[in-house]
1. Given N residues in region B:9-69, what is its alpha carbon radius of gyration divided by 2.2 N^0.38 Å?
2. Equivalent ellipsoid semi-axes for region A:1-95, as square roots of 5 times the alpha carbon gyration tensor eigenvalues: give them largest first, rounded to whole Å.
3. Could you tell me how far the Cα centroid of region A:54-111 sits from the Cα centroid of region B:36-112, in Å?
4. Plugging the Kirkwood radius over Cα pairs into Stokes-Einstein for region B:41-114, at a temperature of 25 °C and a viscosity of 0.890 mPa s, what D comes out in µm²/s?
5. Which peptide among A:44-52, A:82-90 comes first, and what is the full order, when sorted by highest mean count of other Cβ atoms within 10 Å?
6. Considering the Cα trace of the protein assembly as shown, what is its radius of gyration and what is Dmax, both in angstroms?
7. What is the average number of partner chain Cβ atoms found within 10 Å of a Cβ in B:41-47?
8. DSSP loop GluC sites (Glu not before Pro) in region A:1-68 with at most 15 other Cβ atoms within 10 Å of their Cβ, which ones?
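Readers should treat all values here as calculations from the given coordinates under stated rules, not as data from a laboratory. These numbers come from a predicted model, not from an experiment. We place every Cβ from the backbone using ideal geometry, glycine too, and count neighbours over all the protein chains shown.
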Amino acid sequence: QQKVQQSPESLSVPEGGMASLNCTSSDHNFQYFWWYRQHSGEGPKALMSIFSDGDKKEGRFTAHLNKASLHVSLHIRDSQPSDSALYFCAAPHTGYQNFYFGKGTSLTVIP
Amino acid sequence: DMKVTQMPRYLIKRMGENVLLECGQDMSHETMYWYRQDPGLGLQLIYISYDVDSNSEGDIPKGYRVSRKKREHFSLILDSAKTNQTSVYFCASSPSPRVLDTQYFGPGTRLLVL
């Protein structure tokens, strides 16, 4: 069973639009979350982390965390074609010190 | 510039052959990781290394072993490769195993086991 679930599996937005990606877990040992982005043919690259309830903004990217519901989201405003990539939600398990990635959301920004 | 390198980038092996994947980092990071990525499964952790000769199993260690004799190098070994080990393998490093630390990934090695 996947410990970190992401939705949707794929998403298309027009250039300049808003993309919203979601991530949830049912295990309260996941308290800290990362978003990674992977362009085709490359390794994943960290976008941002969020460890506290509420919003965290970095440029066009805003992450939101609700620890009570174990839900984290990533919102990309003014989406650009260069944002087209696979986005992973990732979290360390505080009990086992292992790091878990979701299956990813494939984002396509249409020019 | 922080960099994680992986060699080789592409590899084709026959079932039963031994495979050696190499990873290097120039950041003196304590912690290094090996993951595999398969379509529809995301990234799965194979092994974590906390420092030289201090390695720990991840979620899917079966069929793999690792070696870390120098802080900057971390190797993944497949003894007698199997076809289900065909995958893309990523190495990553981070300054420490603390959850606050970013993981830096290499470009990956595409392994095909025939």
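1. Dividing the Cα radius of gyration by 2.2 N^0.38 Å gives 1.22.
2. Over the Cα atoms of region A:1-95, the semi-axes work out to 22, 15, 12 Å.
3. 22 Å
4. Working: Rh = 13.3 Å.
For these conditions, the coefficient is 184 µm²/s.
5. On the way: A:44-52: 18.0, A:82-90: 20.6.
Ranking the peptides A:44-52, A:82-90 by packing returns A:82-90, A:44-52.
6. Rg and Dmax of the protein assembly as shown, Cα atoms, are 17.5, 51 Å.
7. Mean partner shielding for this stretch: 5.
8. Counting only loop positions with at most 15 other Cβ atoms within 10 Å, the GluC sites (Glu not before Pro) in region A:1-68 are A:Glu9, A:Glu15, A:Glu42.
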